[in-house]
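Participant: Here it is, the structure in full.
The values are calculated or read from the model by the stated rules, or taken from the named source; none is laboratory data. Bear in mind the structure is a predicted one, so any value in this text is a computation, not a measurement. Using ideal geometry, Cβ is built from the backbone for each residue, glycine included, and neighbour counts are taken over all protein chains shown. We work out accessible area using only protein heavy atoms, side chains counted, and drop any ligands, DNA or RNA first. Shrake-Rupley method; radii C 1.70, N 1.55, O 1.52, S 1.80 Å.
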Amino acid sequence: MTELYLPSPQAGTWICPLNCWYTVCVTFLGRFYQSLKDNDVEFTPASIEKELLKSCKEAKGKENRLCYYVGATSDAATKIINEVSKPMSHHIPVEKICEKLKKKDSQICELKYGELPA
């Protein structure tokens, strides 16, 4: 299968294979990153963690499951939230963050919203 690359929502780079765009990780963290920018949140790991915990309290379904996997829910068994907050504080593209998260827990990138549109 040939991989198609699309522009990243951050910095206009071309890094993401088409099939990663429908993962919950990329979509949720992409929206989260944009909300941080829109609300002028300070890009420090501590501020990002605080905001992620808030966002995850409101997350439902598969997005809540992602939050659980990264340790951003009260019932999470592991805490790898710093694997999101630290790179995001340096404006690392969410696709790269999700790629690194996949190495920590492969279930993260298995979360998908549904099939690709035809």
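Participant: Identify the residue in segment 65-118 that is in contact with a Cys (Cβ under 7 Å, 6 or more places away or on another chain) and buried (at least 21 other Cβ atoms within 10 Å of the Cβ) and, among all such residues, is modelled with the lowest pLDDT.
Facilitator: Only one residue tops the list, namely ILE108.
Participant: Let me ask something else. For SER55, only one of the following conditions fails: (1) in contact with a helix residue (DSSP H, G or I) (Cβ under 7 Å, 6 or more places away or on another chain); (2) farther than 13 Å from LEU29 by Cα; (3) of a type in the set (Gly, Ala, Ser). What is its number?
Facilitator: Unmet for SER55, out of (1) in contact with a helix residue (DSSP H, G or I) (Cβ under 7 Å, 6 or more places away or on another chain); (2) farther than 13 Å from LEU29 by Cα; (3) of a type in the set (Gly, Ala, Ser): (2).
Participant: Here's a check for you: in segment 52-97, which residue that is more than 13 Å from the chain's Cα centre (by Cα) and charged (D, E, K, R) is nearest to LYS37 (Cα to Cα)?
Facilitator: LYS54
Participant: Among (1) without any contact (Cβ under 8 Å) to a residue 24 or more places away in the chain; (2) open to solvent by less than 50 Å² (accessible area, probe 1.4 Å); (3) at negative phi, there is one condition PHE28 misses while meeting the rest; what is its number?
Facilitator: PHE28 satisfies all of (1) without any contact (Cβ under 8 Å) to a residue 24 or more places away in the chain; (2) open to solvent by less than 50 Å² (accessible area, probe 1.4 Å); (3) at negative phi except (1).
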